[in-house]
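Notes to accompany the following structure.
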Amino acid sequence: MKLGIAGTGKVVEQFLPVLAELPEVQVTAINSTPKSVDKAIAFQKQYGIDQVYSDYTQFLTEADIDTVYVAVINNLHFPFAKEALLHGKHVICEKPFTMSQKELIELERLSIDYDLVLAEAVTGQFVENYGKIRELLQLLGDIKLIECNFSKYSSKYDSFTAGNVLPAFDIKNGGGALMDLNSSNIHFVVGLIGKPKKVTYYPNIENAIDTSGVLIMDYGYTKAVCMASKDSTGENGATIQGTKGTIRVNSATNRVTSFDIWTNDGYRDHFELNTCEHKMGAEFKIFANWIDHEDTMYAEEHLAQSLTVMEILDMAIADSNLIEEPFWEPKLTF
């Protein structure tokens with residue numbers, strides 16, 4: 001996979017050393033805003049990236065890439081991903097995928113028309129521990145309750161409460177606890193038991209943004225409670241309770257570093273199966289396999305799950321009246 005990166009933010013800084021250790025991925029180009037070119041050049045020198053661009057259209061047209069990783073601000077995911085697809089590039093996009101399911105449906109249609117992979121980088125979905133949980137779920141009997149907590153005090157929260165408008169705390173930039181953190185919890189649940197019948201969201205709102213909140217997904221036979229917070233720190237993890245046993249995940253759902261299982265018949269076990277030290281390693285190996293070997297079936301399954309998650313996010317926002325208009329058109333000049 002010849003990867004071009006759109007963006008120079010914190011996530012890019014985190015995963016570039018990971019990609020340097022993966023023979024499956026070759027980072028050949030990076031695109032930045034004009035004001036961030038110096039940072040892109042620093043990445044180029046440190047990681048041996050061939051080309052640096054500050055014009056996105058030129059990047060898509062000229063760079064020696066087959067895949068674009070979209071690592072820009074959340075509300076620009078859609079236009080950046082759309083432009084990449086229109087230029088015949090596979091797309092890997094940070095979560096949340098888009099600002100609405102409507103946008104993601106449009107991207108899905110383009111990926112089908114152009115026969116391209118379109119994938120959301122949801123780290124916890126690709127680690128070995130999560131796959132094992134899916135395998136062992138049948139041992140728990142009828143699933144009754146799922147509880148997820150992803151809470152961490154944001155380094156930007158104090159600045160936000162002091163009156164500064166920051167993308168991480170701006171709903172129209174895709175900020176807030178629901179989109180930023182709870183989306184990982186939703187993926188965790190949907191990947192196990194599918195789409196709920198009803199969604200209710202109870203946000204704690206400060207200055208028109210949800211700094212924390214509780215999402216309840218009702219499946220009829222199962223209730224899932226997803227908590228996320230950027231204004232406080234909690235005990236991150238997840239618990240799956242069934243009529244015959246329980247699984248406890250010992251980390252936030254974006255990592256799934258280990259888990260324990262115990263059943264009513266006395267079976268107990270502890271699992272730490274993840275083979276990549278960094279949470280993003282596993283997903284890039286899988287993405288490279290999808291793209292290099294045209295393994296589209298699993299890519300399509302993952303995209304279908306992302307569409308369900310975006311629908312749930314839409315429902316949660318509408319239920320809580322978090323924004324007045326569910327859709328808007330992001331303005332971007334390439």
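The values are calculated or read from the model by the stated rules, or taken from the named source; none is laboratory data. Keep in mind the model is a prediction, meaning the values are calculated, not measured. Ideal geometry is used to build each Cβ from the backbone, glycine not excepted, and the neighbour counts take in all protein chains shown.
List of remarks:
- Some residue of region 260-273 being without any contact (Cβ under 8 Å) to a residue 60 or more places away in the chain, in contact with a His (Cβ under 7 Å, 6 or more places away or on another chain) and either surrounded by fewer than 17 Cβ atoms within 10 Å (Cβ to Cβ) or of a type in the set (S, T, N, Q) (or both): yes
- Hits in region 114-154 (condition: of a type in the set (A, V, I, L, M) and under 24 Å from residue 98 (Cβ atoms)): 116, 117, 118, 119, 121, 122, 127
- Selection count where residues are in a helix (DSSP H, G or I) and either free of Cβ contacts under 8 Å to residues at least 12 places away in the same chain or out of contact with any strand residue (DSSP E or B) (no Cβ under 6 Å at 6 or more places or on another chain) (or both), scope region 25-42: 8
Yes/no per residue for (1) surrounded by fewer than 22 Cβ atoms within 10 Å (Cβ to Cβ); (2) among the aromatic types (Phe, Trp, Tyr):
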{"site": "122", "(1), (2)": "no, no"}
{"site": "126", "(1), (2)": "no, yes"}
{"site": "146", "(1), (2)": "no, no"}
{"site": "152", "(1), (2)": "yes, no"}
{"site": "161", "(1), (2)": "yes, no"}
{"site": "200", "(1), (2)": "yes, no"}
{"site": "217", "(1), (2)": "no, no"}
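- Enumeration of residues in region 219-240 that are of a type in the set (S, T, N, Q) and either buried (at least 18 other Cβ atoms within 10 Å of the Cβ) or not assigned by TED's automatic domain parsing to the domain that holds residue 133 (or both): 222, 229, 236
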